[in-house]
Structure formats: C-alpha cells, structure tokens
Amino acid sequence: MTPSRPTGPSDYQPGQPGQPGRQQTTARFGSVGVTVTLSAQPQRYRTPPADGNAHLHSVRAGRLLIDQAGTLFELGPGDALLVVGAHPPSRLTGEMVSISVPQALLRDVPVPGSVWPIPRQTTLLEPTVAFARRAAAGRSDDGSPLALYYAERLLQEMILGVVVDASQSARVPAARDAYSAALSVITARCGDPELTAHMIAREINLSLRQLERTFNARSTTLSREIRRARVARASQLLLDPSYDALSIEQVARYSGFSRGSSLARAMREEGLDVPGKVRSRRLGPGRSGTTATTTATHSDRGDDPEHGVRNRSVDYVVTVPS
C-alpha cells in the first residue's frame with residue numbers, strides 16, 4: 001500500500017505523541033479513496049467536514065461508535081455504515097476499512113439518511129470491502145493510467161451496487177421508486193453498450209410502457225437519460241489528466257458508446273463540444289499535441305438506447321492523438 005499524506009488531525013503512526021496505537025493509511029484510485037484504520041484503543045475518527053464525498057465504513061474488528069444528532073450507532077465486526085456529507089463525531093477501537101466516493105455518484109439513489117447502516121445481507125458488501133482492501137494493498141504510484149481507470153470504475157460501480165441493493169432492502173417510500181430505481185440502473189450500467197430501455201424495465205420489474213410514462217411525466221425519456229449518463233462518464237474521463245493516455249475511441253467504448261463518432265454526436269446533442277475539443281481546451285494552447293483529422297462516411301446508425309446498437313449513415317470527424 002502507498003501511504004498518502006495525513007488525511008486529518010487524527011492520523012498518527014503508532015508511538016507518535018497524542019494518538020498512541022493509531023495507524024491510518026490511504027490509497028487513491030482517481031476519485032475513490034480506500035483507507036484502512038487501526039486503533040489499539042478508543043480514538044476519535046474524523047474526516048474533513050462536508051468534503052463532497054460519501055463514505056462507506058466497514059468494521060473488521062473491534063467497534064465503531066458514531067453520534068449522529070443524539071442517535072448513537074454502534075458497529076461491530078462485519079457491520080457497515082454509509083455516511084453522506086459532513087462526518088459526525090466518531091470513535092474507533094479496532095480495525096476499519098473506509099471507501100470514499102463522490103456524492104454525485106449516488107445522486108440518483110434514494111439514500112434514506114446522511115448516516116445509514118447497511119444491512120449485513122447486502123450481497124455485494126463483503127466482496128466490495130475485500131476487493132477494496134486488496135486493491136489498496138497493491139496500489140503503486142507507477143501503475144498505468146488504464147489500470148487506475150479500471151480500479152476506480154470498478155470500485156465506483158461496486159459501491160453503487162451496494163447502495164442500490166441496500167436501498168431496495170430498506171424499502172424506501174414508493175413515490176420515487178420506479179424513476180429512482182431506473183436512474184440507479186442507468187448510472188450503474190451506462191458503460192454497458194448493450195444497455196437498453198427494455199433491460200432497465202425488466203431489471204426493476206416494471207413494464208416498459210409504465211416506465212416510459214414515468215419518465216415522460218418528468219419531461220424526459222429513458223434514451224435521453226442513458227445518453228446523458230454516458231456523456232457524463234465520458235466527460236469525466238476527458239477532463240481528468242489521469243486518463244490522457246486513453247484515445248477518444250477508448251473513452252467512447254469505456255463510456256458505453258460503440259465508437260468515437262457516436263460519442264461526438266451524443267455530446268453535440270447535449271450541447272457540448274466534441275471530445276477532442278473538450279480535451280484540447282483543458283490542455284491549453286500548444287499542449288494538445290499533434291492531431292490528424294479525418295472526415296469519413298461510415299455505415300453506423302449510432303447507439304440507440306431504446307433498441308441497442310444500430311446502424312446509421314453519418315459523416316463524422318475522428319481526432320487521432322499523436
């Protein structure tokens with residue numbers, strides 16, 4: 001594991017003044033952080049307040065006490081808790097694995113509170129914590145950007161799967177169920193080029209017609225939300241310097257599009273610049289590298305989320321990084 005710089009005033013190595021018997025190490029995978037905390041005696045655990053992240057804490061040994069507005073949560077080995085937003089006062093004795101992800105990742109999931117115990121029977125909980133712990137132990141600063149991307153994406157989707165599964169188990173009020181459940185599926189699976197509206201309806205046990213009416217009532221469609229989720233994922237990759245080694249074609253495929261031209265068309269439909277311009281503008285004048293621009297006509301009917309990947313004749317511009 002590659003220790004990060006201290007993440008808070010309670011991060012001390014064993015034997016240092018003030019916090020004897022305390023050790024905390026963090027490994028980062030893009031926007032995801034994995035922290036392992038060991039505490040031989042009760043110690044205050046604190047993360048930066050309102051840091052824009054959601055934190056999944058899993059106690060591996062000992063216990064964690066969290067005081068949320070007068071309600072005391074006590075977690076023992078195998079218990080887990082999701083904290084969204086500012087972190088309440090906490091005290092740890094033992095060992096804990098914490099995974100932090102941007103709150104925006106969970107924006108379409110109906111989380112019932114800022115401090116939320118995750119049911120033990122949640123299917124992905126233990127595999128997610130085990131994978132995060134092993135990934136953190138193997139984190140290396142000289143790892144490839146592609147490996148970093150895959151680790152970040154896998155951790156994000158595993159956390160999303162845990163929260164979606166747990167929210168369904170918690171039986172969140174039904175008013176937003178269909179719409180929120182569908183958005184959760186879209187957010188989790190938008191990178192799958194085979195994702196269709198029929199698949200989403202089937203996954204949440206609703207007829208396609210009913211689901212379409214639910215989205216129409218909110219002045220949107222399933223196709224539009226799938227496209228927006230894919231464009232949002234692609235934009236994140238294009239704007240993150242960690243992924244500059246990825247070509248536009250790779251960014252498109254990792255975001256659920258069949259090719260770069262489909263991504264460019266979707267970004268234009270969302271009112272954005274084409275991928276090459278988005279990346280070049282971030283890099284700045286003189287830093288965009290040499291590009292070769294080719295105009296071609298290709299038999300590609302594009303990516304239609306209603307019916308899967310189809311074919312359409314289009315003219316497109318391909319930007320090839322040097």
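Listing for the model above:
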| quantity | calculated |
| --- | --- |
| Of every Cα-Cα pair in segment 22-141, the percent that sits beyond 17 Å | 54 percent |
| Spatial extent of segment 173-285: Rg and Dmax, with the Cα atoms as the point set, Å | 15.5, 51 |
| Peptides ranked, highest mean first, by Cβ atoms within 10 Å: ranges 257-269, 238-250 | 257-269, 238-250 |
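Any read-out appearing in this document is the output of simple, stated calculations on the displayed coordinates, not a laboratory observation. What you see is a predicted model; the values in this text were computed from it and never measured. Every residue, glycine among them, receives a Cβ derived from its backbone with ideal geometry; neighbour counts consider all protein chains shown.
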